[in-house]
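Note sheet for the following structure.
The values are calculated or read from the model by the stated rules, or taken from the named source; none is laboratory data. A quick note: this is a predicted structure, and the numbers were derived from the prediction, not measured. For neighbour counting, all protein chains shown are included, and Cβ atoms are generated from backbone atoms with ideal geometry for every residue, glycine included. Protein only, heavy atoms only, side chains kept; ligands, DNA and RNA dropped before computing areas. Shrake-Rupley method; radii C 1.70, N 1.55, O 1.52, S 1.80 Å.
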Amino acid sequence: VMALSMLSGCGSTENSGDSGDTLLLATTQPMYELTQEIIAGATGITVQALIQDQVSCLHDYTITTDQMKKIERADLVILSGAGLEDFMSSSLSGKNAADVIDSSEGIELLGDDPHIWLDPRRYVQQGENIVEALSERYPDQAELFQQNMQAYEDALLGEYQNNWYPAAQSLSCKELITFHDGFAYFADAFGLTILASVEEEEGSEASAREINELTQLIQTHHIPAVFVEKNGSDSAAQALARECGVSAAALDMGMSGDKAGGGLAAYEALLRYNIDTIREAYT
């Protein structure tokens, strides 16, 4: 892991793109970290992250003027895909189709949830899609991209199989109630079941009917806690928790990129944080 983190700093750090290097623009922090690992040590290629705000979802996100300029300057735009960046369709209208990489292509999706990266197995598939696209575009560095991705994949899936998944399986309760609809891939990866998810958006909280249904689930399944996304609204969750005598805790989508380090170190911190948060809430 230390070696991979060191490699991340070689030729792939975020900068203004004014050096004449090819500029890759990753729409989200998870895509930025993944691309960073892939191009580590590459010549003449840099990557930047487009969205680094403290957000829990992108449903109502509005591109700023500065972000539009970044999109215009970028040689390639790397999407997480699966509909996550639908709000960007007009912003991308000036780019050629060949200059936009959709990293979700060919990946098995779970309903309308676009938060693919919360499953390490699918996150690896996203990386493989990025490698394939970059290799076609820059064939002279294709071997490097493939080697970097293979090393990252081996380390990531090793952590998943040997540490993260067993930790999740040791949880006293494997059923979740969430006040964010973006944890389906996380649950699928770690053998957990989401009994219900309520998406709270600004100005629209959970209804009385929904709260009643959630109360029934908590009582029937003996759920010890409910979960929100750390950057989202927690008012209804806190009220439900008080009503039912359970706790409320915050999980992390990893959108804001405030975990220490980069690449595997940051991704490991994200997943470990979520698993540990559930374990603590269920103790």
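Note on the chain: with neighbouring protein chains present and a 1.4 Å probe, carbon and sulfur make up 46 percent of its accessible heavy-atom surface. Which percent of the Cα-Cα distances in the stretch 109-257 go past 17 Å? Summing the P(r) tail past 17 Å for the stretch 109-257 gives 67 percent. The magnitude of the dipole of the stretch 134-185, with charges of +1 and -1 set on the Cβ of Lys/Arg and Asp/Glu and taken from the Cα centre, is near 220 debye. Across all directions, the shadow cast by the convex hull of the stretch 48-187 built on its C-alpha atoms averages 10.0 square nanometres.
Of the beta bridges in the chain, as assigned by DSSP with both residues counted there, near 10 percent are antiparallel. Our helix-only sum for the chain, with -39,500 (n - 2.57) per DSSP H run of n ≥ 4 divided by its residues, gives a mean residue ellipticity at 222 nm of -12500 deg cm²/dmol.
Rolling a 1.4 angstrom probe over the protein heavy atoms with all chains in place gives the stretch 48-155 an accessible area of 47 Å² per residue. With a cut-off of 13 Å between beta carbons, the residues surrounding residue 172 carry a summed charge of 0, where Lys and Arg count +1 and Asp and Glu -1.
Taking the three principal axes of the alpha carbon atoms in the stretch 40-105, the coordinate ranges are 37, 25, 23 Å, sorted in descending order. By the compact-protein rule of thumb, 2.2 N^0.38 Å, the alpha-carbon radius of gyration of the chain corresponds to a ratio of 1.04. The protection proxy used here, the mean number of other Cβ atoms lying within 10 Å of each residue, ranks peptides 192-199, 87-94 as follows, highest first: 192-199, 87-94. Compare the Cα positions of 36, 94, 267 along the charge dipole of the chain (+1 at Cβ of Lys, Arg; -1 at Cβ of Asp, Glu; about the Cα centre) and return the one farthest towards the positive end. Sorting the options by dipole projection puts first 267. The accessible-area ordering, largest first, of the residues 37, 213 stands as 213, 37, per a 1.4 angstrom probe.
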